[in-house]
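Novice: The structure follows.
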Amino acid sequence: MTPCPTAIASARIERIGSEQEPLLVLDEAVTEPELLVEIAASASTFADAATGGDNFYPGRLAPAPLDYVGALSRALDPLIRGHYDLRGVAPWRASCNFALATLAPERLGLAQRIPHVDTVDPLQFAVLHYLCDPAFGGTAFYRHRSTGYETLTVDRLETYQSALDRELEAEPPQPGYIAGDTAQFALTHRTDCVFNRVIVYRSCLLHSGQISRPEALSVDPRKGRLTANIFLTYRPVRATP
């Protein structure tokens, strides 16, 4: 038995930056969130996140319960459709992991010290469920200063990457987790970590975790910065002949 969604109707909308992308915020999102923490701690096998490619996660991952992922995804679907004006699409794929941030600041790679996107697909949505002490920090969103981009698309990617590569070569970021404005990026929005809060945003938004207490990061899900990270992807529905 896993927790069920409870607070979908109480979702509120915040707007991010100059592009005014919606951010869904739901507090007290599921029943018995402590049970998820116990499942992560006692019935899940964590492994270090793969490095390279598109994986920026600075820690360890473990599969989350499929019934929890399915129930939350189904409950969120009408909200996502309504607030993001999705038409002619259907849910295609949902993936989810428990995630534990564990990397010490000095061990972070370059890509983990700057904001990132999970994909340039505007039909993929990140669902982040906070299952940890609020002191660990929430999630922040950014604008790339020289291009003005807050979201990345296929059309924007080459311009963005070329500019960023030049900027990082000239002025690499300091070691450690990003914690606000930098030479290359401006903070546009921040969402606090609240236990049992769920946030939803397009995966193509430039964002980064706000790791407020790196010295307290732990491999123990009961003590560390535990979240459940779901990616929901939609695809256009083909018209029937």
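The values are calculated or read from the model by the stated rules, or taken from the named source; none is laboratory data. Note that this is a predicted model, so its numbers are computed, not measured. Methodologically, a virtual Cβ is constructed for each residue, glycine included, from the backbone with ideal geometry; neighbour enumeration extends over all protein chains shown. Remember, those area values only see protein heavy atoms, side chains included, never the ligands or the DNA or RNA. Shrake-Rupley method; radii C 1.70, N 1.55, O 1.52, S 1.80 Å.
Novice: How big is the charge dipole of segment 52-190 about its Cα centre, in debye rounded to the nearest 20, if each Lys and Arg gets +1 on its Cβ and each Asp and Glu gets -1 on its Cβ?
Specialist: In debye, rounded to 20, segment 52-190 gives about 300.
Novice: What is the sum of charges, Lys and Arg at +1 and Asp and Glu at -1, for the other residues whose Cβ falls under 12 Å from the Cβ of Arg15?
Specialist: -3
Novice: Return the equivalent ellipsoid semi-axes of segment 111-241 as a descending list in whole Å, where each equals the square root of 5 times an eigenvalue of the C-alpha gyration tensor.
Specialist: One finds semi-axes of 26, 24, 11 Å for segment 111-241.
Novice: Scanning the chain for GluC sites (Glu not before Pro) in DSSP loops with at most 16 other Cβ atoms within 10 Å, what's the longest stretch left with none?
Specialist: The reported range is 29-241.
Novice: Over the chain, with the other protein chains present, what is the accessible area per residue in square angstrom, probe 1.4 angstrom?
Specialist: 48 Å²
Novice: Scale the Cα Rg of the chain by the rule-of-thumb value 2.2 N^0.38 Å and send over the ratio, two decimals.
Specialist: Here the answer is 0.99, to two decimals.
Novice: Please sort through the DSSP H helices of the chain and keep those with an alpha-carbon extent of at least 24 Å along the long axis and a Kyte-Doolittle average not below -1.0.
Specialist: Span-like helices, by this rule, are 66-83, 154-170.
Novice: Net charge near Ala186: determine it from the other residues with C-beta under 10 Å of the C-beta of Ala186, scoring Lys and Arg +1 and Asp and Glu -1.
Specialist: 0
Novice: Highest GNM mean-square fluctuation, the chain, Cα pairs closer than 10 Å: which of Arg12, Arg87, Arg74?
Specialist: Arg87
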